[in-house]
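Everything below concerns the one structure shown next.
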Amino acid sequence: MFLFPIAASLLAIVFSLFLARKIKATPSGSGKIIDISQTIQEEAKAYLKKQYQTIGLVSFFIFVILCLAINFKAALGFLLGVIFSALIGYLGMMVSSQANPKVVEAAKKGLDPSLKLAFRSGAAIGFLVVGMGLLAVSGFYFLFKDLDALVALGFGGSLTSVFSRLGNGIFSKTAAINANLVGKAKKDIPDDDSRNLITIAALVGNNVNDCVGSVADLFETYVVTLVAAMLLGHLLFINQVAVFLPLILASMGIFASIPVTFLVKIGGKMNIIAAFYKALLGAVLFVTIGFFPALKELAGSLDISFVNLYLLSFLGLMIVVAIFFAAERAPTKKYNSLGSIASASETENKENVIHGLMRRTRSTILLVILICIGILISFSLAGLYGLTVTSLVMFSLIEMIVSFAVFGSIADNTLAIAEAVGLPAEVCETTAALDTVGNIMKTVTKIYALVSTVLASLILFYAYIQEIRDRGLMIQFLLDDYKVLTGLFLGGLVPSVFARMVTGTKKMIIPALTPILIPILTAIILGPKGLAGLLIGTIVSGLIELGDFPKGVAGLTISPPIKTLNVVALLIVSFLV
């Protein structure tokens, strides 16, 4: 049974290499386009080299600690998670930066060639993420048959993700803000103008944040969700089917997503967003068909009816579609979100700020309702494992979401390069159209990251509870328990404290280590009950912070620490019982 997910992961990697080779064969243009693109790539490589040196140093100490405190297998799993996450981030940056001049050149031929090239560049990274993620999890478990060590693998991905989201977010927004200030306040020129020397830094920021940061975040979510689902299956059912099911569902997602990569193309109405709808709905259709025989075959072993399992898979897919629909509505004039903020600017600046803040506070309402509906239906159909299946199905399309994220980064840089080198108006119009949809795709990715963070953290939380009980400590986590309540309040504070650390510093090590130290200290002071309260408080408060904080600086940088808190809690269970 392990051969199927390993074969699927290898297929995803091969398909990623196939797309990368096709992209490399396309023309890159010449002159200033090449110069700017090469500069972006070299600066991004220099930045990542420095960041990975820091990650390597921290990882070495944690590796030694895990060897001494747990065992070598756990330390090896941790190291593998760090290496895979860092490698995917680096390769993603290389593919993205190499695609920039090629998409600019393709834009000279029209909208359809440039759209196809930009999306397939993103797909190359998306399939690399799921391929390497599934290979790491299935391959490591196949070799060692140790779920506790597998948790450490997720921890390695979490550490890299924290550094990537934190450092890359700070770099990106600092560069973007300064490019804007220099361009408009000091020199009265556009921020993407080649005379603005900080433009390159801003374009590097697009690569390392929207591409590397998003890829590391989603890779972490993918891996820790697979690991937590396998562990929960092991704890809830006395058979191996529940352990294998997450790997089977992830494999089916790969097979379903490969053919829809070629569906993204412009139709007769020249509607770019319709091309993405076509790809997403195509993937949903293929996954729905593919899940049918798999779930029918495995339902009997899980003591859950096939109908309920299949409804859970449909629920997970509908959550993804709802995210896409909500993201498309948010930034468009059609639904008056941006238009109302623009109208508020006609009076004075404070009206614009107040209106923007009001819109911001409303941004999490739909997400909370969506998550609540998902939890209620999942538990009503199959209890705790129902939520696990819903989340797994939602993550089965993660390669498509990564493709959207990287497309957004490429489209953003493509427009900037076209404007910086002074290409003809029709080329700039084409790249501007791509950038508009690219911004929507980045919104899709961010909303997906928020929802997936909450669902993944909930699965990790329940795995923590079940692991404690499985080890013989039959305690109840009740709200009238003072330790649980104390942990709950502390957990509600954690996202705000972390956000304050992020916005108030340009150094990464202390903020990155914070989500590792907090659960350990809480467990020492308040025990397993207080730690449980901390975890759930962080998840609930974090959801509001994630949607409410300014984007890129403190908002999405909170996502990896929330998952890291839960992973660390799961990792130290053996010391609490």
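The values are calculated or read from the model by the stated rules, or taken from the named source; none is laboratory data. Computed from a predicted model, the values in this text were never measured in an experiment. Neighbour counts run over all protein chains shown; Cβ positions are idealised from the backbone, glycine included.
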* To do: Confirm whether residue 90 is part of a helix (DSSP H, G or I), surrounded by 19 or more Cβ atoms within 10 Å (Cβ to Cβ) and under 22 Å from the mean Cα position of the chain (by Cα).
  => no
* Qualifying residues in the range 1-34 (those that are in a helix (DSSP H, G or I) and of a type in the set (Gly, Ala, Ser)) - the one surrounded by the fewest Cβ atoms within 10 Å (Cβ to Cβ) -> 7
* Asked: Out of curiosity, is residue 448 in a helix (DSSP H, G or I) and surrounded by 24 or more Cβ atoms within 10 Å (Cβ to Cβ)?
  -> yes
* Among what's in the range 460-482 and is in a helix (DSSP H, G or I) and aliphatic (A, V, I, L, M), pick the residue that is farthest from residue 223 (Cα to Cα). => 468
* Asked: Just a yes or no: is a residue in the range 306-328 modelled with pLDDT under 85 and more than 20 Å from the chain's Cα centre (by Cα)?
  -> no
* Asked: Picking from 139, 77, which residue would you name as being assigned to a helix (DSSP H, G or I), of a type outside the set (A, V, I, L, M, F, W, C) and either touching a Phe, Trp or Tyr at 6+ places or on another chain (Cβ under 7 Å) or surrounded by 23 or more Cβ atoms within 10 Å (Cβ to Cβ) (or both)?
  -> 77
* Asked: Among (1) within 19 Å of residue 399 (Cα to Cα); (2) surrounded by fewer than 23 Cβ atoms within 10 Å (Cβ to Cβ), which single condition is residue 145 missing?
  -> (1)
* Members of the range 364-403 that are in contact with a Gly (Cβ under 7 Å, 6 or more places away or on another chain), more than 25 Å from residue 242 (Cα to Cα) and assigned to a helix (DSSP H, G or I) -> 367, 400, 402, 403
* To do: Within the range 208-219, identify whether any single residue is in a helix (DSSP H, G or I), at pLDDT below 90, more than 11 Å from the chain's Cα centre (by Cα) and not β-branched (Val, Ile, Thr), and answer yes or no.
  => yes
* Asked: Would you say residue 169 is farther than 30 Å from residue 417 by Cα and at pLDDT 70 or above?
  -> no
* Asked: In the range 422-439, how many are under 19 Å from residue 205 (Cβ atoms) and touching a Gly at 6+ places or on another chain (Cβ under 8 Å)?
  -> 2
* Structure fact -> How many residues of the range 280-325 are small (Gly, Ala, Ser), without any contact (Cβ under 8 Å) to a residue 40 or more places away in the chain and either buried (at least 20 other Cβ atoms within 10 Å of the Cβ) or assigned to a helix (DSSP H, G or I) (or both)? The answer is 4
* **Inter-residue pairs, beta-carbon under 7 Å, first touching a residue at least 12 places away in the same chain (Cβ under 8 Å) and part of a helix (DSSP H, G or I) and in the range 40-58, second surrounded by 13 or more Cβ atoms within 10 Å (Cβ to Cβ) and hydroxyl-bearing (Ser, Thr, Tyr), 6+ apart** => 40/97; 41/97; 44/97; 48/90; 55/160
